[in-house]
Amino acid sequence: SCLIPKIHSTRLQKLSLGSLYEIWSNEVDVFVVGSPSDSNAFPNHGSIFGGTVVNVSLTQSFPFKNPFCGFGNVMQPAKVLSKKPYKIQCSSPLSQSGGVVDLSIRNSDDIYGNYFKEELFIGTYRYELPAEIFRVTPTSVTAGKNTILQIFGVNFVDSTDLACRVNGIFIRARWLSSTFIMCELAASVPQGGFVSLQVSNNHYDLSSTQLNITISSTNNVRLISPLRGYVTGGTEITFSFEKDYHNALFCIFSDSLPAVAYSVGPRDYICVSPVHLAGVVDFRVVDGSNYVMYSSIFEFIELPMLLMNERPTILARSFESFSIIG
């Protein structure tokens, strides 16, 4: 690869290769076009199926009479939005193979784009497969709290343009792999009904699949017991919800690892206390997004011990009573 120096002329240039001591005899022609440093194109990537609306803007005025957008060697008519600053809009064509092509603005002598005299290089445009979604979890969330959505699909692109679209509003997504992303659903989503979810790699091309997420009203935890157990662990703690609940839940005992809560009914759950030192600890019930559904304190106590001064003797086939001090 070679670093080409700044060229101030749009005339045809010659490129040759060599070393410090010799220059190879063969040369290649390099076509030089203008490239304004203040140009901007958004989005600069889109679906291989075409149809992505690309907005190109320049701070200076380039009064092209019949502007066209060049996606590689394919010319697309452009719509002038404003002349100063110069802004145009064009639609990307279908790509047979994908990949990266040059993006430029060209001026034609006629309205059909048969003859081009001037050209401005804007940058590059990348064709990609559109994102598709298959599954989202959770499928039901509680209104009034932020919820992390885990979304599974294909063709997710690691870029700042990757976004979830919830009821027409774009939310920036966190890319984890080409098949897994995460988005945060805001607490301001109104309760009742559902919201629609789609994914976009560029804030324009949307996934053809649309998934629905149910938004339910607040569901409080009630009837939790016991809040005391032995240091050896194994105490079953039961709790219930006011309404049916079907998402993942965990019990957290201070600094211990989260314990999975198991469903024993539409509204009822059980979690088991871990081994812990004696004392009072913070106790929380949280959902899969670490939202606190319930908080209180839990007391770990020592096991009772039998204290006896001497071993009692009991005669066979006789009924005798004795005291146990603990």
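Scanning the range 142-154 for residues that are modelled with pLDDT of 85 or more and either buried (at least 16 other Cβ atoms within 10 Å of the Cβ) or touching a His at 6+ places or on another chain (Cβ under 8 Å) (or both) yields Ile148, Leu149, Ile151, Gly153.
Kindly indicate whether any position in the range 90-102 is out of contact with any His (no Cβ under 6 Å at 6 or more places or on another chain), open to solvent by less than 10 Å² (accessible area, probe 1.4 Å) and touching a residue at least 12 places away in the same chain (Cβ under 8 Å). If you could, list the steps in order and put the result at the bottom.
Keep residues of the range 90-102 that are out of contact with any His (no Cβ under 6 Å at 6 or more places or on another chain), which gives 90-102.
Those left that are additionally open to solvent by less than 10 Å² (accessible area, probe 1.4 Å): 90, 92.
Restricting the remaining residues to those that are touching a residue at least 12 places away in the same chain (Cβ under 8 Å) gives 90, 92.
There is at least one residue in the range 90-102 that is out of contact with any His (no Cβ under 6 Å at 6 or more places or on another chain), open to solvent by less than 10 Å² (accessible area, probe 1.4 Å) and touching a residue at least 12 places away in the same chain (Cβ under 8 Å).
Residue count for the range 129-141 under the criterion of being open to solvent by less than 20 Å² (accessible area, probe 1.4 Å) and either of a type outside the set (A, V, I, L, M, F, W, C) or modelled with pLDDT under 90 (or both): the result is 1. Of all residues in the range 77-89, those satisfying the criterion of being open to solvent by less than 40 Å² (accessible area, probe 1.4 Å) and not small (Gly, Ala, Ser) are Tyr86, Ile88. Exactly one residue out of Ser97, Ser47 is modelled with pLDDT of 90 or more and either farther than 30 Å from Glu132 by Cβ or not basic (Lys, Arg) (or both), and it is Ser47.
The values are calculated or read from the model by the stated rules, or taken from the named source; none is laboratory data. A quick note: this is a predicted structure, and the numbers were derived from the prediction, not measured. Cβ coordinates were reconstructed from backbone atoms using ideal geometry, including for glycine residues, and neighbour counts include every protein chain displayed. What goes into the accessible areas is simple: the full protein's heavy atoms, side chains included, and nothing from ligands, DNA or RNA. Shrake-Rupley method; radii C 1.70, N 1.55, O 1.52, S 1.80 Å.
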